[in-house]
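Below: the structure, in structure tokens.
The values are calculated or read from the model by the stated rules, or taken from the named source; none is laboratory data. Given the structure is predicted, the values throughout are model-derived calculations rather than measurements. Cβ placement follows ideal geometry from the backbone for every residue including glycine, while neighbour counts extend to all protein chains displayed.
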Amino acid sequence: MKERVRAIVNSLLFKSNPPRLIAELYTMLYFGFPHKDGIHVTLSPRKLLTGLAIDYNKHCKVAFGTYVQVHEEGDNLLGPGTSGAIALQPTGNEQGGYYFLNHHSGKKSSMQNCPCQMK
């Protein structure tokens with residue numbers, strides 16, 4: 001697991017990685033994929049615990065660590081309507097939403113249907 005995380009983190013284009021980003025990567029790798037020595041050979045812990053499986057066509061549109069612009073809810077002022085975020089992992093719902101780490105606030109948020117623009 002440590003080698004996988006190190007390989008993915010070193011492939012990201014960021015100079016420093018927030019601890020939240022590393023924690024989300026561990027969560028995605030641990031719960032999202034089946035383990036060789038796990039309870040079941042083909043089912044992931046996520047599928048066993050929640051009943052939700054990751055569908056490649058819905059949940060793998062954006063790679064982990066991709067910098068995206070996400071829509072911000074707010075008022076009708078002339079400020080920017082999007083903000084920078086880092087794609088974390090799919091939410092696992094039927095709509096194909098994603099979790100994002102906001103670049104400015106450092107908070108985790110989710111978006112349904114992933115209407116994001118990749119940069």
Considering the stretch 1-18, residues that are modelled with pLDDT of 80 or more and surrounded by fewer than 10 Cβ atoms within 10 Å (Cβ to Cβ), and then whichever is farthest from Leu48 (Cα to Cα), we arrive at Asn10
Quick one: is Val62 under 25 Å from Ser16 (Cα atoms), touching a Lys or Arg at 6+ places or on another chain (Cβ under 9 Å) and modelled with pLDDT of 70 or more?
no
Filter pass, Met118 being closer than 17 Å to Leu12 by Cβ and modelled with pLDDT under 75
yes
Search the stretch 1-60 for residues being of a type in the set (Lys, Arg) and touching a residue at least 24 places away in the same chain (Cβ under 8 Å), and hand back the single one that is nearest to Gly106 (Cα to Cα).
Arg20
Tally of residues being in a loop (DSSP other than H, G, I, E, B) and either in contact with a strand residue (DSSP E or B) (Cβ under 8 Å, 6 or more places away or on another chain) or basic (Lys, Arg) (or both) across the stretch 34-75
10
Determine the pairs where a residue that is within 11 Å of Phe100 (Cβ to Cβ), located within the stretch 66-86, has a partner that is surrounded by fewer than 10 Cβ atoms within 10 Å (Cβ to Cβ) and at pLDDT below 75 with Cβ atoms under 6 Å apart, the partner being 6 or more residues away or on another chain.
Tyr67/Lys119; Gln69/Gln117
How many residues does the stretch 19-42 hold that are surrounded by 11 or more Cβ atoms within 10 Å (Cβ to Cβ) and either more than 13 Å from the chain's Cα centre (by Cα) or closer than 18 Å to Ala53 by Cα (or both)?
14
Can you give me the number of residues within the stretch 4-29 that are within 12 Å of Phe64 (Cα to Cα), in a loop (DSSP other than H, G, I, E, B) and in contact with a Leu (Cβ under 9 Å, 6 or more places away or on another chain)?
1
